[in-house]
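What follows is a single structure, written as structure tokens, with notes after it.
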Amino acid sequence: MNFRHIILGALASLVPISAAHATEVCTALADSNGPTLFQRGECQRQVTPASTFKIAISLMGYDAGILKDQHTPKLPFRAGYVDWRDDWRQDTDPTKWMKDSVVWYSQQVTQQLGMQRFAGYASKFKYGNADVAGDAEHDGLTLSWISSSLKISPLEQLTFLNKVVNRQLGVSARAYDMTARLTQIDQPLAGWRIHGKTGSASGYGWYVGWASKGKRSFSFAHLMQRDDTQPKNVPAGVLAREALLKELPLLLGSVEQEALLRETVDQTIEPLMKKYDVPGMALALTDHGKNYVFNYGLASRETRQPVDRDTLFEVGSVSKTLVATLATYAQAQGRLALSDKVSQHMPALRGSSFDHINLIHLGTHTAGEFPMQVPDNIKNYDQLMDYYRSWQQPASAAGASRTYSNLTIGLLGMISAQSMGLPFADAMEKQLLPALGMRQTYIKVPAEQMRHYAQGYNNANAPVRVHPDVLEPEAYGIKTTAADLIHFVDANLGQAALDEPLRQAVEATHIGYFKLGAMTQDLIWEQYPAAAGLPGLLVSASEQVTWKSNPVTPLTPPLAPQADALLHKTGSTGGFGAYVLFSPGRKTGIVMLANKFYPGAARIEAAHRILSQLEQRRE
């Protein structure tokens, strides 16, 4: 399966701001198996590879038989050779060549190769732009890699280095073995064996290579640009090496943990996608505020566009958790009280059954036995209000039973936005979502973001997306990324910087109002004691709880937010399936987004397994 992974926040939170040097262009690390685990800065900028290209020349030279071992051939320095540094004016063998970046020795190797073989290797390696033609001032065979035609980006360096580690460049085993020996630094770094090469040219400094421990390897690339604050007598590549080696142990420890976590996630998600024929998924984890995002498969089968960090998914009824937060946010601002009667805020409903229904009832599915979906004959909001006005039920019905319905949470969304003096979409997109730091979450996807909107698929694998029906915005209309949604989970775990009214609002959604067996019904969130574990969570996915009316017991007084608990919510549309689960006490949470509907129980089981393994590893 095509797997793409990006880490968000985890390493940024570990590396101090001072470590992100003012001259840094990019720092990036990748698992030797392919995925880029960490990138900071402008990592797609192509610049001269300078002496980092010696790794490629070494592979060429040993493969072609020009280089023999660590000390053969030993070549004499001759007048006319490049002698930019004093220590280049002496006999040089492969070990000294690599250690001291002796340019003239590189030129002797490439000249013996000849242009045809040299260009052939560059092309076969797919090294950067692979352009070794040179330019008007630089002969391609001897200088194309120094401030000339050959260019490479940090991410392209990682791709090349991964092929070195995995021996995928089509050269001899001896070429790989000897290149590894030449590039290995003398002392391990925090238990890691480091192979690296500096490079300096055109004001840029490189340090690239790979780190290995046991069976695990990671490639790294650090690119910096010299400025006036740095010592001019120190090559930029040396500055790049010193800067990276200072933080490399921390980065390697973090990406190693990340790689182990990715393996755990793979073992659960890949079989799940295969079993239910899911085209694409994005999964996000949070562990004490450190975020990890894993992307799998295709956002669209038609275009073959892969899922990535910007892919937008419909989340269905997970949207309701944000609607509930909008309501508590309005309450924190003094615009309404959840104990208010619905008709206090909807004058058109005065004298109806809504004189006896509180806003709390709307947010806990206890307003009465409303149908789950808006009836098909309701085509606009005027017809919806007529439907509400005509709804008849005894006053005692409110708070007596739990019946899951879009009609009640949708009405709460309408009232909350109205209390703010805004249309619902504006209240969400201009007030709540920005305050939560959710920058890629929408009710209506903007035109410039449509390229990121995943294509959903129904059970017949036909492409579908949600219809803009009555109450779609207010009940199940959110489209978001896994990264944005895990940020919302962080807010629910107290791990996000929020203003005080919003902090109160998020916390208020965790208050329990009704009991249904082991489940406590919060404002939309379904809560279980942590000890209930997977069996408890699966109750929420049962047909009885999802589709039928169930008597509930009011909690008087309401249950304060609990730390030793599990809170979760599923969500679906015709072509998407979503799930959120988090543990306030353990400060962990998970988000799973898919562009195909699949059973809620399967989502719960997979998420619980991954989150449990995350917590066990940390302990």
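The values are calculated or read from the model by the stated rules, or taken from the named source; none is laboratory data. Predicted model, so just to flag it, every value in this text is computed and none were measured. Because the Cβ atoms are built from the backbone with ideal geometry, glycine has one as well, and the counts that use them run over all protein chains shown.
Computed values, structure above
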{"read-out": "Pair list, Cβ under 9 Å, 6 or more apart: region 537-557 residue within 24 Å of H608 (Cβ to Cβ) and assigned by TED's automatic domain parsing to the domain that holds K569, other residue among the hydroxyl-bearing types (S, T, Y) and surrounded by fewer than 17 Cβ atoms within 10 Å (Cβ to Cβ)", "value": "S540/T546"}
{"read-out": "Residue check, E247 acidic (D, E), out of contact with any Phe, Trp or Tyr (no Cβ under 7 Å at 6 or more places or on another chain), over 23 Å from D484 (Cα atoms) and not in a loop (DSSP other than H, G, I, E, B)", "value": "yes"}
{"read-out": "M519, sole failed condition from (1) in contact with an Asp or Glu (Cβ under 6 Å, 6 or more places away or on another chain); (2) free of Cβ contacts under 8 Å to residues at least 60 places away in the same chain; (3) surrounded by fewer than 21 Cβ atoms within 10 Å (Cβ to Cβ)", "value": "(3)"}
{"read-out": "Strands (runs of 3 or more DSSP E) (entirely within region 515-619) containing at least 2 residues that are of a type in the set (V, I, T) and modelled with pLDDT of 95 or more", "value": "553-559, 565-573, 588-594"}
{"read-out": "Per-region count, region 329-360, residues in a loop (DSSP other than H, G, I, E, B) and free of Cβ contacts under 8 Å to residues at least 12 places away in the same chain", "value": "3"}
{"read-out": "Test: residue in region 136-148 that is touching a helix residue (DSSP H, G or I) at 6+ places or on another chain (Cβ under 6 Å), surrounded by 15 or more Cβ atoms within 10 Å (Cβ to Cβ), modelled with pLDDT of 95 or more and assigned to a helix (DSSP H, G or I)", "value": "yes"}
{"read-out": "Test for Q90: is it exposed (fewer than 14 other Cβ atoms within 10 Å of the Cβ), outside any helix (DSSP H, G or I) and under 44 Å from the mean Cα position of the chain (by Cα)", "value": "no"}
{"read-out": "Of all residues making up region 58-80, the number that are out of contact with any Lys or Arg (no Cβ under 8 Å at 6 or more places or on another chain) and either aliphatic (A, V, I, L, M) or assigned to a loop (DSSP other than H, G, I, E, B) (or both)", "value": "15"}
{"read-out": "Filter result (on the phi < 0 side of the Ramachandran plot and out of contact with any Gly (no Cβ under 8 Å at 6 or more places or on another chain)) within region 180-200", "value": "A180, R181, L182, Q184, D186, Q187, P188, L189, W192, R193"}
{"read-out": "Residue within region 581-589 that is among the hydroxyl-bearing types (S, T, Y), in contact with a Gly (Cβ under 6 Å, 6 or more places away or on another chain), within 25 Å of L322 (Cβ to Cβ) and crowded, with 20+ Cβ neighbours inside 10 Å present", "value": "no"}
{"read-out": "Enumeration of residues in region 361-382 that are under 17 Å from Q393 (Cα atoms) and either free of Cβ contacts under 8 Å to residues at least 12 places away in the same chain or part of a helix (DSSP H, G or I) (or both)", "value": "H361, L362"}
{"read-out": "Options M98, M178, M115; residue that is farther than 30 Å from G41 by Cα, part of a helix (DSSP H, G or I) and in contact (Cβ under 8 Å) with a residue 40 or more places away in the chain", "value": "M178"}
{"read-out": "Search result, residues across region 122-135 that are surrounded by fewer than 22 Cβ atoms within 10 Å (Cβ to Cβ) and under 17 Å from C43 (Cβ atoms)", "value": "N129"}
{"read-out": "Filter result for L326 (in the same structural domain as T403 (by TED's automatic domain parsing), closer than 28 Å to D499 by Cα, surrounded by 18 or more Cβ atoms within 10 Å (Cβ to Cβ) and in contact with an Asp or Glu (Cβ under 6 Å, 6 or more places away or on another chain))", "value": "no"}
{"read-out": "Condition check for D83: in a loop (DSSP other than H, G, I, E, B), more than 21 Å from Y176 (Cα to Cα) and out of contact with any His (no Cβ under 6 Å at 6 or more places or on another chain)", "value": "yes"}
{"read-out": "T198 being surrounded by 19 or more Cβ atoms within 10 Å (Cβ to Cβ) and in a strand (DSSP E or B)", "value": "yes"}
